[in-house]
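First up is the structure itself, then whatever we jot down about it.
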Amino acid sequence: MAVHDGVAHWHPEGEGAPLHDLTVGEALRRRARKDPQASALVFEDPASGRQLRWTYAELDQQADRVAQALLRWGVRAGDHVAVMAVNSPEWVLLEYGLARIGAVLVTINTALRRDEVGYILAKSKASVFFFNAEQRGYDVSSALSSLRPGLPHLEKLCVIGDAAAPGAIRWDEFLSLADQADPEALAQAEAAVSPSDIAQIQFTSGTTGSPKGAMLRHLSIVNNANLMSARAGFCPDDRLLSAMPLFHTAGCVCNVLGMLMSGGCLVLMPGFDARHMVEFGARERITAINAVPTMYLRMLEELDRLGDRAPDLSSLRIAFTGGTSIPPEMMRRLHDGFGAEPMIIMGMTEASPIITQTSPDDDFEQKISTAGIPLPYTELHIAHPETGVTLKCGEIGELKIRGYQITAGYFDMPDATEKAIDGEGWLSSGDLAVLEADGHLRIVGRIKDMLIRGGENIYPVEIEKFLQSHPDVADAYVVGVPDRDLGEEIFAFVKLRPGVTLLPEALRQHCKDNMSRQKVPRYIHFVDTLPMTANGKVQKFALREMAAAIVSENLGGR
């Protein structure tokens, strides 16, 4: 027990598991030496037919080859290297190879479009960019060509996959550079990397709408993955299936490093497809799945559709999820159908990422109704949103976190860092939460306006500013409405300019043409007036109530 006298303050405990003073590269090296022939990575792409299986010894050798190619290409410790690609073995190798030489991985969401990608490349000062030339029908290489003149830091480009891109070398050309590398150069570079060095920059948006690059240390992500996998009870026999994108910490930390630290095997998909996931999982006899609730719902629908022809997923023992509202009935179906125990997590990118996690010792109702208890070495308290005073257990306040896993700050944004992390090291989450006397955490709301759609954080101000930039729009505000499949959906209230006629679908298409798809409002509702406070501010709570009523009446502006 780490809660004292009913105060909502969890004091950190070690639970007998020490923190490791390791870099990501060292962690892989140790695992390869300990379990060289153990399965490390299985990958299958049904679209191309590509299949791959690596042991830890092979994964380590391939990571060395990528690290050597990077050094030969002129990449050095501290360089910022951006990656924008679908899940693939190359992505995993870049995560390990960059870490091995002390370069910093900058992750980019594959759904982003030209200006969004340009912002991250510029803000991160990335000097190298690995990317797929095409993403879900979007021509990344053309967008990049138009961006290059405004990106003076960007010096080197490499395209992953079969396609070519102007000014970029291909992956096989890049990898061949390792043939000319000096083995001693890699040994020297690896020896110079410290666990306290920055391993990754993960961009996350704030309520201001400006994405911020959270700097995560080797020590933070290695230990967060290790403590998560230990709490879950992962072991070398585990096989974790996931289509979670590697550009999120759920993919590159929880999945890649979680399996590394436990000695298990990552069974990786390039993207989510319900039918392939159940078939692939059955063939590989997977024991755990990491997926957002929407993915689980689609898988259950596919299994229902297949009926008696459904693949055998009886090997599944852990259903791992988080990042959005978790439908209890869905978790019950997974448990009753496969015997899969729920593993619920609560995290944020700035915490590397997991803060709390359910335990195998929790009863079933605790597993599906709470976010678990803090991981070892994690301190948290529930503070009054205005005064900052620590509240009592059971009272609602803002969740604040402190510990080894907290971001080193936002890259090149000292003001944002100071606002998020106080002088005593407490990270403000923006979440409204309750800490129970037994240490279990419940998230009950958000101070910020952020909504979560299908596991993706959506920040209304970004969408509002875009809608407001339309020539026919006078004003626009965005709220979230509950959605059975995605947790929340985007609802936009739009006030048109006088005398203008505009159809909701036309405005939605404008969004689709210029924004990443997860930010496109599902509902657009035109209004003449907006509910305002006495001092002229829009009442978001009133808009949420209006949106919920409109959706329930099936008048969502479609």
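Restricting attention to the stretch 424-476 and to residues that are in a helix (DSSP H, G or I) and not aromatic (F, W, Y), the residue that is modelled with the lowest pLDDT turns out to be V461.
Only helices (runs of 4 or more DSSP H) whose full extent lies in the stretch 35-126 are considered here, and the ones with at least 2 residues that are surrounded by fewer than 20 Cβ atoms within 10 Å (Cβ to Cβ) are 56-72, 114-124.
Going through (1) part of a loop (DSSP other than H, G, I, E, B); (2) in contact (Cβ under 8 Å) with a residue 24 or more places away in the chain one by one, G167 falls short only on (2). Among the residues that make up the stretch 188-197, is at least one of them part of a helix (DSSP H, G or I), among the acidic types (D, E) and closer than 24 Å to Y138 by Cβ? No, there is no match, as no residue in the stretch 188-197 is part of a helix (DSSP H, G or I), among the acidic types (D, E) and closer than 24 Å to Y138 by Cβ.
For the residues V473, V389, V494, the requirement of being exposed (fewer than 14 other Cβ atoms within 10 Å of the Cβ) and among the hydrophobic types (A, V, I, L, M, F, W, C) singles out V389. All of G339, G307, G388 fail the test of being under 23 Å from D237 (Cβ atoms) and more than 26 Å from the chain's Cα centre (by Cα), apart from G339. All of (1) within 30 Å of P414 (Cβ to Cβ); (2) among the β-branched types (V, I, T); (3) surrounded by fewer than 19 Cβ atoms within 10 Å (Cβ to Cβ) hold for I221 with one exception: (3). Is it the case, given these coordinates, that S141 is without any contact (Cβ under 8 Å) to a residue 24 or more places away in the chain, part of a helix (DSSP H, G or I) and of a type outside the set (A, V, I, L, M)? Taking the combined requirement at face value, the residue does not satisfy it. Taken over the stretch 362-392, the criterion of being part of a loop (DSSP other than H, G, I, E, B), at pLDDT 95 or above and at negative phi is satisfied by L375, P376, V389, L391. Across the stretch 482-504, which residue is farthest from T204 (Cα to Cα) among those that are part of a strand (DSSP E or B) and over 22 Å from the mean Cα position of the chain (by Cα)? The qualifying residue farthest from T204 (Cα to Cα) is L496. From the list G388, G339, the lone residue that is within 27 Å of R217 (Cβ to Cβ) and free of Cβ contacts under 8 Å to residues at least 40 places away in the same chain is G388. Does A437 count as aliphatic (A, V, I, L, M), surrounded by fewer than 18 Cβ atoms within 10 Å (Cβ to Cβ) and within 24 Å of the chain's Cα centre (by Cα)? Considered against the rule, which asks whether it is aliphatic (A, V, I, L, M), surrounded by fewer than 18 Cβ atoms within 10 Å (Cβ to Cβ) and within 24 Å of the chain's Cα centre (by Cα), A437 comes out as no. No other residue among L19, L28 is among the aliphatic types (A, V, I, L, M), in a helix (DSSP H, G or I) and under 27 Å from F411 (Cα atoms) apart from L28.
Checking every residue in the stretch 207-218 against the condition of being within 15 Å of I108 (Cα to Cα) and among the β-branched types (V, I, T) gives zero matches.
Just so you know, in the stretch 10-25 the residues that are surrounded by 19 or more Cβ atoms within 10 Å (Cβ to Cβ) and not hydroxyl-bearing (S, T, Y) include one that is nearest to the chain's Cα centre (by Cα), and it is V24. Within the option set I368, I354, I421, being surrounded by 19 or more Cβ atoms within 10 Å (Cβ to Cβ), within 30 Å of V278 (Cβ to Cβ) and out of contact with any Pro (no Cβ under 8 Å at 6 or more places or on another chain) holds for one residue only, I354.
Taken over the stretch 503-519, the criterion of being surrounded by 17 or more Cβ atoms within 10 Å (Cβ to Cβ) and touching a residue at least 24 places away in the same chain (Cβ under 8 Å) is satisfied by P504, L507, H510, C511, M515, S516, K519.
The values are calculated or read from the model by the stated rules, or taken from the named source; none is laboratory data. It should be emphasised that the depicted structure is a prediction, and the values quoted were computed from it without experimental measurement. Glycine also receives a Cβ, built like all others from the backbone with ideal geometry; neighbour counts cover every protein chain displayed.
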